[in-house]
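Notes to accompany the following structure.
The values are calculated or read from the model by the stated rules, or taken from the named source; none is laboratory data. Because the structure is a prediction, the values reported are computed rather than measured. Cβ placement follows ideal geometry from the backbone for every residue including glycine, while neighbour counts extend to all protein chains displayed.
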Amino acid sequence: MTGQRLGQGMLIVVAATLLAACATSPSNAPPGATFSPRPPPSRPTSSRATASVTPVVRASRTVFGHSVMGRDLMAFRLGPVGARRRVLVIGVIHGNEAAGEPLALGLLRTAPPASTELVVVPNLNPDGVIAGTRQNARGVDLNRNFTYRWRRLGRPGDQQYAGAGPLSEPESGAMAALIQQLRPTVTVWFHQPEGVVDVSGGSVSGRVNPNWPQGDGLMWPHLLVARG
């Protein structure tokens, strides 16, 4: 993440371990959430930016799931498989917070540090990005649809509607299965509009370098109450 100006208006959530928030079971884990060579996707792609990206370094690409409207959920993988550190980056989860997608795609233009495997999911909510909505095509806030502390919240279309149940949406189910497969050391989620970095916790959160956000002009708080 260093070496890129992030600017203002960006909230970056750093989850420094695999949490129960992404737990899933075989019954709701979508098929195909593994990294294997595939031809270019024939379904509608997540966005023009993701569809047109050409990584400068050698990267494997997989379609690990599909959105409500059938658009591909793509992940790019760089660096040595089985490296000591594995970093997962998600550019977009809220469709009206799309500034993280080009930032995530920018990571594909350089090789990751030694002993680090990088997995980039540019856009987890392609339907929302195309519609310009925070929620997915069924009106669910994907950020509220994971299993960790899930609770009934709102109605379809409400800003923070949590869905009919945990992992009720194909996007969150696919993401949960991918995280279970990868078991990343650090996960980075881009949000807007706050110009801060939120360390969500975890067993290695104390080892995340606090000088990184300062170098990009961002604050480094821990948000006790996440507003988005």
* Asked: Among (1) at pLDDT 80 or above; (2) touching an Asp or Glu at 6+ places or on another chain (Cβ under 9 Å), which single condition is Pro44 missing?
  -> (1)
* **Sole exception among (1) under 23 Å from Val87 (Cβ atoms); (2) crowded, with 23+ Cβ neighbours inside 10 Å; (3) of a type in the set (A, V, I, L, M, F, W, C) for Val140, by number** => (1)
* the stretch 57-95, residues that are at pLDDT 95 or above and charged (D, E, K, R) -> Arg71, Asp72
* Asked: Pick from the stretch 168-196 the residues that are assigned to a loop (DSSP other than H, G, I, E, B) and either hydroxyl-bearing (Ser, Thr, Tyr) or in contact with a Cys (Cβ under 9 Å, 6 or more places away or on another chain) (or both): which of them is farthest from Val68 (Cα to Cα)?
  -> Thr185
* To do: Report, ordered by the first and then the second residue, all pairs with beta carbons closer than 7 Å, sequence separation of six or more or different chains, a first member in the stretch 87-103 that is among the β-branched types (Val, Ile, Thr), and a second member that is part of a helix (DSSP H, G or I).
  => Val89/Ala104; Val89/Leu107; Val92/Gly100; Val92/Glu101; Val92/Val129; Ile93/Leu142; Ile93/Asn143
* Asked: In the stretch 47-56, which residues are under 20 Å from Leu118 (Cα atoms) and modelled with pLDDT of 55 or more?
  -> Ala49, Thr50
* To do: Give me a count of the residues in the stretch 52-111 that are surrounded by 16 or more Cβ atoms within 10 Å (Cβ to Cβ) and hydroxyl-bearing (Ser, Thr, Tyr).
  => 2
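Would you say Leu78 is out of contact with any helix residue (DSSP H, G or I) (no Cβ under 6 Å at 6 or more places or on another chain) and closer than 16 Å to Asn125 by Cα?
So Leu78 does not fit the description; no.
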* From the list Val119, Val129, Val140, which residue is under 22 Å from Ser60 (Cα atoms) and either modelled with pLDDT of 90 or more or in contact with a helix residue (DSSP H, G or I) (Cβ under 8 Å, 6 or more places away or on another chain) (or both)? -> Val119
* Structure fact -> Taking first residues from the stretch 129-152 that are in contact (Cβ under 8 Å) with a residue 24 or more places away in the chain and within 11 Å of Glu171 (Cα to Cα) and second residues anywhere that are in a helix (DSSP H, G or I) and among the hydroxyl-bearing types (Ser, Thr, Tyr), the pairs with Cβ under 7 Å that are 6 or more apart or on different chains are Leu142/Ser172; Asn145/Ser172; Phe146/Ser172
* To do: Output yes when any residue across the stretch 157-168 is more than 22 Å from Arg61 (Cβ to Cβ), of a type in the set (A, V, I, L, M) and buried (at least 16 other Cβ atoms within 10 Å of the Cβ), and no when none is.
  => yes
